[in-house]
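*Asks:* Quick one: the structure is below, questions incoming.
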Amino acid sequence: MSAHVANGRLVVWLTFFLGAMFQIMPLPKIVEVWRPDWLVLVAIYWAMALPHRYNILTACFLGVLLDILLGATVGIRALAFSLVIYVVVMHSQRLRNFPRWQQSLLVSSLICGYHLVVFWVQYVVVGETPIDVVLFLPAISSVFIWWWLFLVLRNLRRLYNVR
């Protein structure tokens, strides 16, 4: 393994680490409901940029990690992550050519799908999870974060020659 491949992997896993930290970082109650899904956004970017390397297995691992960090039932977010990343990997060539505004709308719909899968599985497992409009607020904030996050991660990928 060459040194630059190892550095590229380190950069990607550091971005996953930062996404997880932003995901569990405590926020005030008024802002908490608008928190973007940082780890999902980072996983979507890397699955779109490098689908041969960061795919469903990575998404499943990150989902289990997030379940453990949040203290939730293990496997719920792993399933939702895997479904979202499956869609991204299967259409990665097409998604890369979309304009940023279309990408952000698609990312928003993927985040909505992610939250619906998490809600549905929690409803089946726990049985008393009420649906609320607050469920979709992270998808709205993720639209605006995607533009910035895409540029930052693309510049990191080019700077460190991640392949």
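*Asks:* Does any residue of segment 126-140 turn out to be closer than 20 Å to residue 23 by Cβ and crowded, with 17+ Cβ neighbours inside 10 Å?
*Replies:* Yes: one or more hits.
Yes/no matrix, rows are residues, columns are (1) buried (at least 17 other Cβ atoms within 10 Å of the Cβ); (2) under 14 Å from residue 80 (Cβ atoms); (3) not small (Gly, Ala, Ser):
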site: 17; (1), (2), (3): no, no, yes
site: 21; (1), (2), (3): no, no, yes
site: 26; (1), (2), (3): no, no, yes
site: 32; (1), (2), (3): no, no, yes
site: 36; (1), (2), (3): yes, no, yes
site: 41; (1), (2), (3): yes, yes, yes
site: 51; (1), (2), (3): yes, no, yes
site: 59; (1), (2), (3): yes, yes, no
site: 63; (1), (2), (3): yes, yes, no
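*Asks:* Pull out all pairs, ordered by first then second residue, where Cβ-Cβ is under 8 Å, the residues are six or more apart or on different chains, the first lies in segment 66-82 and is free of Cβ contacts under 8 Å to residues at least 40 places away in the same chain, and the second is of a type outside the set (D, E, K, R) and outside any helix (DSSP H, G or I).
*Replies:* Within 8 Å, the pairs are 67/73; 67/74; 67/75; 68/74.
*Asks:* Can you give me the number of residues within segment 23-75 that are basic (Lys, Arg) and within 20 Å of residue 151 (Cβ to Cβ)?
*Replies:* Number of matching residues: 0.
*Asks:* Every residue in segment 67-88 that is over 17 Å from residue 120 (Cβ atoms) and either under 13 Å from the mean Cα position of the chain (by Cα) or hydroxyl-bearing (Ser, Thr, Tyr) (or both), please.
*Replies:* Hits for segment 67-88 are 85, 88.
*Asks:* In segment 48-77, how many residues are of a type outside the set (D, E, K, R), out of contact with any Phe, Trp or Tyr (no Cβ under 8 Å at 6 or more places or on another chain) and not in a loop (DSSP other than H, G, I, E, B)?
*Replies:* 10
Only the coordinates and a few stated rules stand behind these numbers; no lab work does. What you are looking at is a predicted structure, and each value in this text was computed from that prediction instead of being measured. With ideal geometry, Cβ positions are generated from the backbone for all residues, glycine too; neighbour counts draw on all protein chains shown.
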